[in-house]
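One structure is given here, and the rest of the page talks about it.
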Amino acid sequence: MLWIILSLISASTPISARSLIIDTKGYVSGQLSRVSLDANQSGAFGRVYIGEILLGHDSATFVSLGNQPRGLVANPWRFCFEKNEYDEVEDLIGNIVILKFKTPRKSSLLSCTSANELVDVYPANNDQILEPSHVIGAIRTTDPQISHGVEFGRVVNVIKNKNLFNIYFMTIQVGSGGSKFRHFIIDDTDLFYFAIQSLQTAAMVKVHYSDRFSRRNLFGLSSMSYVSEIEMVNQGNID
């Protein structure tokens with residue numbers, strides 16, 4: 001199925017390819033650092049609020065490593081929510097949180113300045129111990145390998161796209177803190193769900209990956225890093 005999807009996306013259609021990332025849902029983790037009334041909504045309605053999450057731990061800016069569709073992830077990571085959710089969100093300011101979100105094609109939040117809409121938010125559960133702690137998945141693309149390696153860090157963003165079937169996006173914070181982030185593609189469902197679990201526990205992980213040359217130029221990108229394994233290094237450590 002994956003090669004059929006990729007074959008429909010050519011270098012001559014970068015705009016339509018990028019439009020495929022609109023209808024998404026996923027998870028993000030980091031420090032909830034700010035909530036406020038969206039400046040675009042300060043008029044008659046005044047019901048749309050915007051929040052900001054600093055991805056991972058001790059981050060401030062965004063040094064992006066590896067290819068990803070433009071505008072998919074940023075730091076701080078912004079999201080929108082309604083006025084009746086303000087107290088719940090504001091109570092978590094300063095905490096490391098897990099936020100579940102969606103980016104619908106037709107937003108119910110008028111002209112909010114972020115496409116990401118809040119679904120749920122809660123503190124990270126770093127006391128949860130997961131089994132198994134190592135999942136090996138499949139890389140299904142036939143694109144030629146350029147190189148391979150292992151990256152160490154925390155999973156901070158996982159995204160599922162409704163239009164791309166089993167293609168998922170993942171971002172990790174490189175190392176135990178700081179502003180370097182690396183982006184990956186996952187095309188294995190078991191790895192995708194394990195990435196969500198490791199994000200929710202704030203565990204340190206090793207991500208085994210294969211860099212592939214994109215012959216079909218997916219999203220206008222010349223190469224992409226595909227995940228083959230995720231291995232938890234330690235659990236119960238959020239510092």
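Read the figures in this text as sums done on the coordinates, not as results from a lab. Everything quoted here is computed from the prediction, not taken from an experiment. Cβ sites come from the backbone with ideal geometry, for glycine too, and all protein chains shown count toward neighbours.
The fewest-to-most ranking of 155, 48 by surrounding Cβ atoms within 10 Å reads 48, 155. Here region 126-234 is treated as a Stokes sphere of Kirkwood radius computed over C-alpha pairs; at 20 °C and 1.002 mPa s its diffusion coefficient rounds to 153 µm²/s.
Over 24 Å apart at the Cα level, from the set 83/160; 180/206; 25/83, are 83/160. Fraction of C-alpha pairs exceeding 23 angstrom in region 47-191: 43 percent, rounded to a whole number.
Using only Cα coordinates, the Kirkwood hydrodynamic radius of region 24-123 works out to 13.9 Å. About its Cα centre, region 126-234 has a charge dipole of approximately 460 debye under the convention of +1 per Lys or Arg Cβ and -1 per Asp or Glu Cβ, with nothing else charged.
The label-point distance for residue 91 and residue 233, in a model that sets each label 7 Å from Cα toward Cβ, rounds to 3.5 nm.
Relative contact order, whole percent, for region 126-234 stands at 34, derived from Cα pairs under 8 Å and 6 or more residues apart.
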